[in-house]
Amino acid sequence: MDERVKSSVPADPGHWSEKSKHSISYHYKREYTDIDYVCWRCKAPSVFTAEDQKYTFEVKKASVDQRRILCGACWSESNKIRALLENCESEWVTSKKRLQRDSDFLKRWLELLVQLEEYVPYKPDIAKKNMLKKLLSA
Ligand SMILES: [Zn+2]
């Protein structure tokens, strides 16, 4: 690890989400400081910067318990996969009868679910994977 100087920015917990305001840190948080971490997927050394924390918790109103586990590149890749999965889900809802027999569609969906597992420390959707495998083997 390099000896990069960590930067800090003042915190304004008054801008946190209502839920975050009920956390203990609401009473003592005075500033954000860069948080070093290693990407869970590619192991790249990464920083959840103080500025980014301020934006995440005070503008986007994310829970202050939220921690980063992915580097920027893996994070945006995982979001792409999630968006494609949402497309599959909504196609499925509208055309289930037809898609049940569309093995290209089923394979693509299954592939996306498997890909997403690389980016999250839990198995996201085992039930759906099993359903797709079953339909593919039918
Ligand atoms: Zn990464």
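List pairs: first residue in the range 64-76 and farther than 16 Å from residue 50 by Cβ and free of Cβ contacts under 8 Å to residues at least 60 places away in the same chain, second residue of a type in the set (D, E, K, R) and within 15 Å of the ligand (Cβ to nearest atom) anywhere in the structure, Cβ distance under 7 angstrom, at least six positions apart or on different chains.
Within 7 Å, the pairs are 70/41; 74/41.
Report yes if residue 63 is hydroxyl-bearing (Ser, Thr, Tyr) and either within 16 Å of the ligand (Cβ to nearest atom) or touching a Pro at 6+ places or on another chain (Cβ under 6 Å) (or both), otherwise no.
Values: hydroxyl-bearing (Ser, Thr, Tyr): yes; either within 16 Å of the ligand (Cβ to nearest atom) or touching a Pro at 6+ places or on another chain (Cβ under 6 Å) (or both): no.
In short, no.
Among the numbered criteria (1) touching an Asp or Glu at 6+ places or on another chain (Cβ under 8 Å); (2) in a helix (DSSP H, G or I); (3) not hydrophobic (A, V, I, L, M, F, W, C), which one does residue 124 miss?
(2)
Regarding the range 81-92, can at least one residue be identified that is small (Gly, Ala, Ser), closer than 28 Å to residue 23 by Cβ and modelled with pLDDT of 95 or more?
Applying the first criterion (small (Gly, Ala, Ser)) to the range 81-92 yields 83, 90.
Retained after the next criterion (residues that are closer than 28 Å to residue 23 by Cβ): none.
The answer is no; no qualifying residue exists.
Only one of these is aliphatic (A, V, I, L, M), within 19 Å of the chain's Cα centre (by Cα) and surrounded by 15 or more Cβ atoms within 10 Å (Cβ to Cβ): 9, 47. Name it. Spell out how you get there, then give the answer.
Values: 9 fails: within 19 Å of the chain's Cα centre (by Cα).
After applying the criteria, what remains is 47.
Does residue 21 satisfy being under 17 Å from the mean Cα position of the chain (by Cα), without any contact (Cβ under 8 Å) to a residue 12 or more places away in the chain and either within 16 Å of the ligand (Cβ to nearest atom) or farther than 21 Å from residue 75 by Cβ (or both)? Break it down stepwise before answering.
Details: under 17 Å from the mean Cα position of the chain (by Cα): no; without any contact (Cβ under 8 Å) to a residue 12 or more places away in the chain: yes; either within 16 Å of the ligand (Cβ to nearest atom) or farther than 21 Å from residue 75 by Cβ (or both): yes.
It is false that residue 21 is under 17 Å from the mean Cα position of the chain (by Cα), without any contact (Cβ under 8 Å) to a residue 12 or more places away in the chain and either within 16 Å of the ligand (Cβ to nearest atom) or farther than 21 Å from residue 75 by Cβ (or both).
Which one of these is under 30 Å from residue 105 (Cα atoms) and touching a Phe, Trp or Tyr at 6+ places or on another chain (Cβ under 8 Å): 70, 84?
Exactly one residue qualifies, and that residue is 70.
Answer yes or no: is there a residue in the range 24-47 that is under 30 Å from residue 129 (Cβ atoms) and away from the ligand (no atom under 16 Å from the Cβ).
no
Might you let me know whether the range 30-48 holds any residue that is assigned to a helix (DSSP H, G or I) and not assigned by TED's automatic domain parsing to the domain that holds residue 123?
Looking through the range 30-48, none of the residues is assigned to a helix (DSSP H, G or I) and not assigned by TED's automatic domain parsing to the domain that holds residue 123.
Of the residues 77, 51, which single one is within 21 Å of residue 37 (Cα to Cα) and within 16 Å of the ligand (Cβ to nearest atom)?
Going through 77, 51 in turn, just one is within 21 Å of residue 37 (Cα to Cα) and within 16 Å of the ligand (Cβ to nearest atom): 77.
The values are calculated or read from the model by the stated rules, or taken from the named source; none is laboratory data. Note that the structure is predicted; figures quoted are calculated from it, not measured. For neighbour counting, all protein chains shown are included, and Cβ atoms are generated from backbone atoms with ideal geometry for every residue, glycine included.
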